[in-house]
Every structure is written in structure tokens, then in C-alpha cells.
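A quick write-up on the structure given underneath.
Taken together, the values in this text are just the output of simple stated rules run on the coordinates, not laboratory data. Just so we're clear, the structure is a prediction, and the values are computed from it rather than from any experiment. Note: ideal-geometry Cβ built from the backbone for every residue, glycine included; neighbour counts use all protein chains shown.
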Amino acid sequence: MRILLAEDEKALSKAIVKIFEKNNYSVDAVYNGEDALSYLELGSYGAAVLDIMMPGMDGITVLKKIRAKYAAQLSKIG
């Protein structure tokens with residue numbers, strides 16, 4: 001499974017990436033909410049781990065934007 005990790009503290013991010021990789025996950029790490037949103041819009045992820053206290057755009061805002069985008073796309077299909 002491919003995971004997106006958004007964590008602004010680089011040392012913590014590196015530690016979390018190592019844990020995921022040791023458990024056979026593929027991880028993309030970003031350090032701010034804007035990059036997290038871009039990666040989620042362009043990539044294919046099984047999960048996203050989002051820091052809720054990043055500067056700029058926090059993880060909650062990223063999640064709300066992704067949910068809104070996909071809700072709009074699903075409503076066009078249904």
C-alpha cells in the first residue's frame with residue numbers, strides 16, 4: 001500500500017517513514033499542507049497521515065478539500 005505522510009517536523013517525518021517502510025509500506029513524505037493536497041490530487045494513495053498543526057494549510061483543511069473534491073466528482077457520476 002502507498003501512504004502519503006504530511007508532517008512538518010522533518011526528524012519526526014523521517015522516523016515515521018522508517019517505521020512504515022520497515023512494515024513494507026511505500027511512503028511519500030511532504031512537509032506542508034499545500035504539497036499534501038497536490039500529492040493527494042495527483043497520486044493514488046491507500047492512506048494519508050496528516051499532521052493537524054502544520055503551518056499554512058493544516059491536515060484538517062487538506063482533508064476537507066479532498067473530501068469536497070471527491071464528493072463533487074461522485075455526485076456527477078451518480
Next item on the list: Could you please rank SER26, SER44, placing first whichever residue has the fewest other Cβ atoms within 10 Å of its Cβ?
Entry: SER44, SER26
Item checked: Pairwise label distance in nanometres, TYR45 with GLU9, each label 7 Å out on the Cα-Cβ vector -> 1.9
Next item on the list: Could you rank the peptides 11-17, 59-65 by their average count of other C-beta atoms within 10 Å per residue, with the highest value first?
Entry: 59-65, 11-17
Check: Out of (i) 12.9; (ii) 18.7; (iii) 15.9, which label holds the value of Kirkwood radius over Cα pairs in Å that was computed here?
Finding: (i)
